[in-house]
Amino acid sequence: MYIIAIVVLACLNIFQFFNGSRQSQKIETQGTEINELQKIQSELDQEYQAALNSLEEMKGENAVLDSLIDTQKAELAAQKDKINNLIWSKKELTKAKEELKKMTVSVTQYMTEIDNLKQQNMTLSADNQQLTAKVDEVQKTNTQILEEKAVVTKEKETLAKDNEVLGSKVDLASAVKINKIDVRGYAVKKDGKLKEKSKGKDMDILKICFTTEVNQVTPSGQKKFYVRLLNPQGETISMDNKGSGVLTNKMNNTQVRYTTSGEITYKNEETNACIDWSLPEGLPKGDYAIELFNNGYQVGKSKFRIK
């Protein structure tokens, strides 16, 4: 029994020896695996942080690039989480290393893509500068054109005013002035002959006779004169059915009503002429005024009395 006990103890010692050796080997293997996992984790952290720093340094160029960089950072974070899962949850070091290499390639691609976009932006910026310069040049040219147009318009307006003034002077110089005005009233007899009347109630026709001045400026020919009669109250006597109307006084550019009008033949010499106005009824007694207009200007005036 002692011998059997000794043999059993010996066997137990041998078993424990071999079992302890296996445990030590297992612990050593696990330690090696943990070291490898930590090494890959460290590489992952370094690569990830370096990529984040590089991407962050490239921000600030413009909103489009900043948005792209934020998207790339989110993709990197997703890749990092995937590798972390392979390292610590599944212990798949080979796949973790492959994913780490893919992440490194992705970072390189991101950087290349961003550099290309920055280069395109620089090209676009240069093009924009050229375009801006051309726009500025066109605007400058347009401004010069507008300034020149304004000068031309001002000169045109000045010329128009000068022409208007000159035209007014020419019109005034062309007007045939009146030296003498004689107004008489007549009654029409049954045989058609006229008989002079001094009382307004007996008058059928008012004959306005006048003598013109010599005017060598105006061309000879038919000249129209407008007669304006003013009653004792200073009101213009006018009846549209008897030839009355409105003319423009070019001296002050005002509208003036006239009583009647008539044409005479003018030959650039002193001319005697008359304009008749048929009265619808006699005229009240009192002091009357008369004005004659030619070419838009008042060329003569006088007064007469009706008994």
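The values are calculated or read from the model by the stated rules, or taken from the named source; none is laboratory data. Just so you know, these numbers come straight off a predicted model, no measurement behind them. Note: ideal-geometry Cβ built from the backbone for every residue, glycine included; neighbour counts use all protein chains shown.
A few comments on the model shown:
- Contacts under 9 angstrom Cβ, first residue in segment 73-100 being under 15 Å from residue 50 (Cα atoms), partner among the charged types (D, E, K, R) and modelled with pLDDT of 75 or more, 6 or more apart: 73/56; 79/99; 79/102; 80/45; 80/47; 100/43; 100/47
- The number of residues in segment 161-208 being hydrophobic (A, V, I, L, M, F, W, C), outside any loop (DSSP other than H, G, I, E, B), modelled with pLDDT of 85 or more and under 60 Å from the mean Cα position of the chain (by Cα) comes to 2.
- From the list 255, 222, the lone residue that is of a type outside the set (Val, Ile, Thr), touching a Leu at 6+ places or on another chain (Cβ under 9 Å) and in the same structural domain as residue 302 (by TED's automatic domain parsing) is 255.
- Filtered residue count, segment 280-307, keeping only those that are under 16 Å from residue 266 (Cβ atoms) and either at pLDDT below 90 or in a strand (DSSP E or B) (or both): 6
- Restricted to segment 212-262, the set of strands (runs of 3 or more DSSP E) holding at least 2 residues that are at pLDDT 95 or above and touching an Asp or Glu at 6+ places or on another chain (Cβ under 6 Å) comprises 221-230.
- The condition (being assigned by TED's automatic domain parsing to the domain that holds residue 52, assigned to a helix (DSSP H, G or I) and surrounded by fewer than 11 Cβ atoms within 10 Å (Cβ to Cβ)) is satisfied by just one residue among 81, 115: 81.
- Any chance residue 227 is free of Cβ contacts under 8 Å to residues at least 24 places away in the same chain, assigned by TED's automatic domain parsing to the domain that holds residue 276 and closer than 14 Å to residue 277 by Cβ: no
- For residue 187, the criteria (1) free of Cβ contacts under 8 Å to residues at least 60 places away in the same chain; (2) surrounded by fewer than 13 Cβ atoms within 10 Å (Cβ to Cβ); (3) among the small types (Gly, Ala, Ser) hold in every case but one, which is (2).
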